[in-house]
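The values are calculated or read from the model by the stated rules, or taken from the named source; none is laboratory data. Here the structure is a predicted model, which means the values were calculated and not measured. Positions of Cβ are backbone-derived with ideal geometry, glycine not excepted, and every protein chain shown enters the neighbour counts. The area values use the complete protein model at the heavy-atom level, side chains included, leaving out ligands, DNA and RNA. Shrake-Rupley method; radii C 1.70, N 1.55, O 1.52, S 1.80 Å.
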Amino acid sequence: MTRDIPAQEQVRKWFRSHLLGRELELQELYELPPGDLDLLMAETAEIRSDTDNKARSHGRWCTAGYVLELARIIDARRSAEDRPLP
């Protein structure tokens with residue numbers, strides 16, 4: 001399944017995932033298998049929910065929010081595509 005990746009998501013912005021054991025660039029989220037996307041959403045949600053983390057590493061906290069929202073959008077699109085038509 002080919003996806004059109006918006007230009008702003010082609011800018012080299014990456015997130016280091018400890019659960020996946022590697023760095024990911026934003027455009028890679030479109031190709032992640034569902035299980036890896038779930039792990040990434042869990043990891044970034046944890047970072048965003050820790051208010052102390054915001055003070056310690058504001059850049060990582062902001063990037064985690066962007067990655068989390070994009071992962072949610074991708075997940076929702078995939079779910080909608082998997083639903084049978086009425």
note = Of the residues in the stretch 29-86 that are in a loop (DSSP other than H, G, I, E, B) and hydrophobic (A, V, I, L, M, F, W, C), the one that is nearest to the chain's Cα centre (by Cα) is LEU32
request  = List every residue pair whose Cβ atoms sit under 6 Å apart, with the two residues 6 or more apart in sequence or on different chains, where the first one lies in the stretch 23-46 and is within 14 Å of ILE73 (Cβ to Cβ) and the second, anywhere, is open to solvent by less than 50 Å² (accessible area, probe 1.4 Å) and among the small types (Gly, Ala, Ser).
outcome  = LEU29/ALA71; LEU37/ALA71; LEU40/SER17; LEU40/ALA71; MET41/ALA71; THR44/ALA64
key: Candidates ARG48, ARG56, filtered to the one that is surrounded by 13 or more Cβ atoms within 10 Å (Cβ to Cβ) and either at pLDDT below 95 or among the β-branched types (Val, Ile, Thr) (or both)   = ARG48
key: Scan of the stretch 62-80 for residues that are open to solvent by 40 Å² or more (accessible area, probe 1.4 Å) and more than 15 Å from GLU31 (Cα to Cα), ordered by number   = CYS62, TYR66, GLU69, ALA80
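Take the stretch 13-32 and flag every residue that is charged (D, E, K, R) and touching a helix residue (DSSP H, G or I) at 6+ places or on another chain (Cβ under 8 Å). Please lay out each step first, then the result.
Of the stretch 13-32, the ones charged (D, E, K, R) are 13, 16, 22-23, 25, 28, 31.
Hit for the stretch 13-32 is LYS13, nothing else.
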